[in-house]
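Below is one structure, written out as structure tokens; comments come after it.
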Amino acid sequence: MASVDLDGWLRVNGFNPAKLSTTTLGRHQATPMTVAAAQGDLSIVRSLAENCPPLLTRPEAKGRTAGQTPLFKACRGGHIGAVKFLLDSGVAEGVLVHDKKHPFRPGCPNTLLTAAIEAENLELVRFLASVRPGLLSEKDCEEATPLLRACRKGHLGIAKFLLASGAEEDLERADRYGQFCLSEAAYEGHTKV
């Protein structure tokens, strides 16, 4: 494996290398790990995990991203390599179900699966469903099922996968606004869904 210039990466991204375990960035108090995971920079994620293991689960602390963990950030960015590494590092428990710091902020996908759907990453959706099948029935912060989220966003391949995985009953489940899968797809102009 090639050498990683962790100090250089930290400086370029605005962090203080001398205070690795406590340094944060910006108004959201992003950690080095949440930034690296969001960027999908697997070599930096690995290096940070090796040099400061507590960063694996430390969420952002303030603002609209408060509570978002490195795992959530990697899912939201669609970075399957970072997601697999973080899960292999043992951060799954207590993180995979919900990221509910802001449970009803409209438009906020707050489960790992809906974050992967937002990233339009079918490979990541399949992977998450294989390692945590319970995510297929988890609702997000709008009480939307993964199928409703996929239909709303027009992700035909993901919708087909979810239906093949047993989400047929979700066709009749409304979100907290009373919206259904097919009506949302039609409203958003996704006629192929």
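The values are calculated or read from the model by the stated rules, or taken from the named source; none is laboratory data. Everything numeric here is computed off the predicted structure, so don't read it as measured data. So basically every Cβ, Gly included, is an ideal-geometry build from the backbone, and we count neighbours across all protein chains shown. All accessible areas refer to the heavy atoms of the entire protein, side chains included, with ligands and DNA or RNA removed. Shrake-Rupley method; radii C 1.70, N 1.55, O 1.52, S 1.80 Å.
Things worth noting here:
- Every residue from the stretch 1-15 that is within 14 Å of N51 (Cα to Cα) and either open to solvent by 60 Å² or more (accessible area, probe 1.4 Å) or modelled with pLDDT of 85 or more (or both): S3, D5, L6, D7, W9, L10
- Test result for A37, under 14 Å from the mean Cα position of the chain (by Cα) and either aliphatic (A, V, I, L, M) or open to solvent by 10 Å² or more (accessible area, probe 1.4 Å) (or both): yes
- Pairs meeting the criteria (first residue in the stretch 75-88 and over 14 Å from E118 (Cβ atoms), second residue open to solvent by 30 Å² or more (accessible area, probe 1.4 Å) and among the acidic types (D, E), beta carbons under 7 Å, at least 6 apart or on different chains) are I80/E123.
- Filtered by the rule that a residue be farther than 15 Å from E120 by Cα and in contact with a Cys (Cβ under 6 Å, 6 or more places away or on another chain), the stretch 148-193 gives L171, C181, E184, A185.
- Matching helices (runs of 4 or more DSSP H) fully within the stretch 1-55 where at least 1 residues are without any contact (Cβ under 8 Å) to a residue 60 or more places away in the chain and farther than 16 Å from H79 by Cβ: 6-12, 42-51
- Just so you know, in the stretch 59-92 the residues that are buried (at least 20 other Cβ atoms within 10 Å of the Cβ) and among the charged types (D, E, K, R) include one that is farthest from T111 (Cα to Cα), and it is E60.
- Residue check for P32: surrounded by 20 or more Cβ atoms within 10 Å (Cβ to Cβ) and more than 16 Å from the chain's Cα centre (by Cα): yes
- Meets criteria (closer than 13 Å to C75 by Cβ and either open to solvent by 30 Å² or more (accessible area, probe 1.4 Å) or of a type in the set (D, E, K, R) (or both)) for E172: no
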